[in-house]
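In what follows, a structure is listed as structure tokens, so that the remarks can point back to it.
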Amino acid sequence: GDPDGRGGPAMWAAGPADGRALATWTDYSHSARTIAGLDRAIIGSSLLAIAATLVVGLFAVGRVTRRLHQTARVARRISAGDLDARVDDPRTARPVRGQDEVAIVSGALDTMASSLQRKLQTEQRFTADVAHELRTPLTGLSAAAELLPPGRPAELVRDRVRAMRALTEDLLEISRLDARTEQVDLAVHDLAPVVERVVRASGTETGVRVGGPARVETDRRRLERVIGNLVANAHRHGSPPVVVEVSGAVVSVRDHGAGFPAYLLEGGPQRFRTDGAGKGHGLGLTIAVGQAAVIGARLEFVNPPDGGALARLTLPEYVRLDEGDSAGNTGEQGAGTAE
């Protein structure tokens with residue numbers, strides 16, 4: 001019951017006393033309000049603690065995630081050939097600071113990249129030094145071979161000397177490409193005449209098809225080197241007919257042999273590795289890929305479904321901007337690239 005008629009909560013207690021029932025009560029509303037206030041305070045404090053924990057956790061996880069993403073980006077750059085890429089995590093640079101797992105991984109990646117770079121640079125210097133050292137004796141040997149009396153032995157010696165000189169020049173060219181010191185001499189050229197000239201100079205039975213003329217902005221000497229190597233590789237390792245097709249800014253060289261080997265399609269050409277019975281030292285396609293990268297072209301190798309091997313070279317196309325065009329150019333002409 002409610003003895004005072006206030007309608008609030010009350011606490012009762014009752015017990016026997018001398019054969020009678022003795023009961024008492026006390027107002028419980030103040031205690032109930034205090035408990036309810038404590039409940040609200042506990043719930044509010046819990047919510048604040050959870051929110052603060054989430055904020056701190058998100059901040060900490062965000063920092064770790066950003067560092068992991070940075071490490072992954074550097075790893076991708078290294079795998080793409082940029083051996084100068086480093087994570088440079090501050091915790092790794094200052095050992096006095098505590099290193100967490102991310103800093104340990106970053107430091108290991110930087111150490112691996114530095115070691116790999118040193119090894120590759122040592123190999124590149126060795127290749128360049130060997131090629132330079134071979135040049136002098138080969139020049140003397142070539143001059144001496146010309147003095148041999150006519151005959152089959154003299155022809156064999158001259159042939160081997162020419163092969164050695166070609167290999168030496170290829171090694172020097174690869175060392176320059178590896179060092180990334182090549183400078184391009186860009187100019188605008190009609191693509192079809194350049195391709196036709198390269199095919200004629202090759203002295204091979206190679207067909208030329210021009211599907212659509214195009215002008216390209218490129219280094220002609222390097223472009224001729226790439227196309228010449230592709231044509232020579234098609235004749236050396238493929239089967240006739242060999243056809244070079246020009247379609248816009250795309251040059252395709254196709255033979256009808258057994259096709260490119262699986263390792264080349266998966267990872268590109270490898271130095272001093274050739275499959276099949278064809279002659280060669282495996283540097284032609286490697287040089288073609290390197291020179292194509294220097295002139296900003298894309299070189300792809302595929303095996304068409306109907307057989308053979310297809311090398312496709314996509315060049316930056318030259319675009320002339322005439323007066324009154326949508327770009328608002330008021331000059332006579334401009335250059336740009338469009339792929």
Per residue of the chain, what 222 nm ellipticity follows from adding -39500 (n - 2.57) for every DSSP H run with n ≥ 4, rounded to the nearest 500? -18000 deg cm²/dmol
Just how large is the dipole of the chain about the Cα centre, in debye to the nearest 20, putting +1 at every Lys and Arg Cβ and -1 at every Asp and Glu Cβ? 900 debye
Considering only DSSP states other than H, G, I, E and B, which GluC sites (Glu not before Pro) in the range 143-248 qualify as loop sites with at most 11 other Cβ atoms within 10 Å? 205
In the range 156-237, trypsin sites (Lys or Arg not before Pro) in a DSSP loop with at most 12 other beta-carbon atoms within 10 Å: 180
Report the local net charge at residue 245: Lys and Arg +1, Asp and Glu -1, summed over other residues whose C-beta lies under 10 Å from its C-beta. +3
Looking at 72, 166, 149, which one has the Cα that reaches farthest to the positive end of the dipole of the chain (charges on Cβ: Lys, Arg +1; Asp, Glu -1)? 149
In whole Å, what is the distance between the alpha-carbon centres of the range 136-202 and the range 286-319? 22 Å
With Cα springs under 10 Å, the Gaussian network model of the chain assigns the largest mean-square fluctuation among 148, 191, 223 to 148
Solvent-accessible surface (1.4 angstrom probe) belonging to residue 58, in square angstrom, nearest 10: 130 Å²
With x for Gly and Pro, the residue-by-residue ³J(HN,Hα) of the range 196-204, computed from phi through the Karplus equation 6.51 cos²θ - 1.76 cosθ + 1.60 at θ = phi - 60° and given in whole Hz, is 4, 5, 5, 5, 5, 5, 6, x, 10
Quote the accessible area belonging to residue 306 in square angstrom, nearest 10, computed with a 1.4 Å probe and with ligands, DNA and RNA left uncounted. 120 Å²
Give the long-range amide H neighbours of residue 10: residues separated by 5 or more places, or on another chain, with amide H under 5 Å away, using H modelled in the peptide plane at 1.01 Å from N. 28
With θ taken as phi - 60° and the coefficients 6.51, -1.76 and 1.60, list the Karplus ³J(HN,Hα) couplings across the range 174-182 in order, rounded to whole Hz; mark glycine and proline as x. 5, 5, 5, 5, 5, 6, 6, 10, 5
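Working with all protein chains in place, sort 172, 186 by solvent-accessible area computed with a 1.4 Å probe, largest first.
186, 172
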Would you pull out the residues with amide H under 5 Å of residue 319's amide H, same chain only if 5 or more places away, H placed 1.01 Å from N? 336
Please calculate the 1.4 Å probe accessible area of residue 59, with all protein chains present, and give it to the nearest 10 Å². 130 Å²
For Rg/Rh (Cα atoms, Kirkwood Rh), which listed value, (1) 1.03; (2) 1.42; (3) 0.95, comes from the coordinates shown? (2)
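Take 170, 190 and sort them by solvent-accessible surface of the protein heavy atoms, 1.4 Å probe, largest at the top. Provide the component values of the computation, followed by the final result.
Details: 170 25, 190 80 Å².
Largest accessible area first, the list is 190, 170.
The values are calculated or read from the model by the stated rules, or taken from the named source; none is laboratory data. Worth saying up front: this structure is predicted, and the values here are computed from it rather than measured. Cβ atoms come from the backbone with ideal geometry, glycine included; neighbour counts cover every protein chain shown. In case anyone asks, the SASA skips ligands and DNA or RNA and just uses the protein heavy atoms, side chains included. Shrake-Rupley method; radii C 1.70, N 1.55, O 1.52, S 1.80 Å.
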